[in-house]
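The values are calculated or read from the model by the stated rules, or taken from the named source; none is laboratory data. In this text, all values refer to a predicted model and were calculated from it rather than measured experimentally. Every residue, glycine as well, gets a Cβ built from its backbone with ideal geometry; the counts of neighbours run over all protein chains shown. The accessibility values were calculated without ligands, DNA or RNA, using every heavy atom of the protein model including side chains. Shrake-Rupley method; radii C 1.70, N 1.55, O 1.52, S 1.80 Å.
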Amino acid sequence: MALRIELKPQERLIINGALIRNGDRRSTFVIENHCKFLRESEIITETEADTVAKRLCVTLQFIYLADNPPEAEDLFVRQATEIMKASPSMAPYILAIQDELSARQYHRAIKRGRELIAYERQLLDHLEASRDADAHQG
């Protein structure tokens, strides 16, 4: 089944490890065979990975794009274990990612990783609001 992709001007796309940048105009193309790809909006760079959940997602991207990902899968297990120790409430998100990885649904695992990032953001926002409230009371 073919996949139609539309790229905005200057938008980037990774296809089977090759980084492609669109030109000055919107482009549409069709991928006619199975390949590994990530749109720019899905990519988190290592420099952007400033939280544990984002670093985990960088690992998921590597697992997805790698030809032989066992080393990255080991890193995922170590990262996931540390996250669950530090914040047990993140366990359902980690387990959902693990289920996708076990099923070799790597792109879906990345999407689940985005859900983990959103949850982490909620936790951090809540923590910051609590600190602000404490500061105003004290």
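Taking the range 66-103 on its own, how many of its residues are in a helix (DSSP H, G or I) and either touching a strand residue (DSSP E or B) at 6+ places or on another chain (Cβ under 8 Å) or charged (D, E, K, R) (or both)?
8
A residue that is part of a helix (DSSP H, G or I) and in contact with an Asp or Glu (Cβ under 9 Å, 6 or more places away or on another chain) occurs somewhere in the range 34-47. Tell me, yes or no, whether the range 57-65 has at least one residue that is surrounded by fewer than 16 Cβ atoms within 10 Å (Cβ to Cβ) and either assigned to a helix (DSSP H, G or I) or at pLDDT below 95 (or both). No, there is no match, as no residue in the range 57-65 is surrounded by fewer than 16 Cβ atoms within 10 Å (Cβ to Cβ) and either assigned to a helix (DSSP H, G or I) or at pLDDT below 95 (or both).
If you go through the range 1-16 and pick out every residue that is open to solvent by 40 Å² or more (accessible area, probe 1.4 Å) and more than 25 Å from residue 69 (Cβ to Cβ), you end up with 6.
Screening the range 17-41 for residues that are open to solvent by 40 Å² or more (accessible area, probe 1.4 Å) and touching a helix residue (DSSP H, G or I) at 6+ places or on another chain (Cβ under 8 Å) and picking the one that is nearest to residue 94 (Cα to Cα) gives 36.
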